[in-house]
Amino acid sequence: MDRRTYMTAIASMVTAVFSGCLDTQETEPDPQIAFLEVENHRHDSPSEFDIRIEESGETVFEASEELVADPTEGVILYEEPVSGPGEYEVTVEVDGHESHTDTSDLVTPDEECLYLNFYLSGSLHVESLAWPCDDDT
């Protein structure tokens, strides 16, 4: 085998091996908020929670809820506060505390459905859980 034929064969093999790697594109996750829960864990007084969900700078969900000072009674749960997936920013404000959550940071392409839990104790906290969406979610 002459050098030119050898180099052509090597170049073809390298192209074949790496062509799949060059064409693959990682898909961006498409978050879907399945549940949004807000809780008042304080024991001293009720608190007014202001909840806002924005997509591309536009408010798509907004609520204001006064929750009693009781971890078992001072709770509200929104099921699918927004319809469908999107790149959402969730903001909760209460008693001088504020929390911003970008849903795109909380999901993967395989786990796009979200449960978000904001709770007020000494300060405002947020927890999240993601799982694979199915047709019913």
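Laboratory data are not the source of any read-out in this text; all were calculated from the coordinates shown. Predicted model, so just to flag it, every value in this text is computed and none were measured. For neighbour counting, all protein chains shown are included, and Cβ atoms are generated from backbone atoms with ideal geometry for every residue, glycine included.
Obtain the nm distance between the two label points defined at F35 and E62 by a simple spin-label model: each point lies 7 Å from its Cα along the Cα-to-C-beta direction.
About 2.8 nm, to one decimal.
What FRET efficiency do you get for D105 and E79 if R0 is 22 Å and r is their Cβ-Cβ distance, rounded to the nearest 0.05?
E between D105 and E79, to the nearest 0.05, is 0.50.
How high is the FRET efficiency between S45 and E127 when r is their beta carbon distance and R₀ equals 25 Å, given to the nearest 0.05?
Here the calculated transfer efficiency is 0.60.
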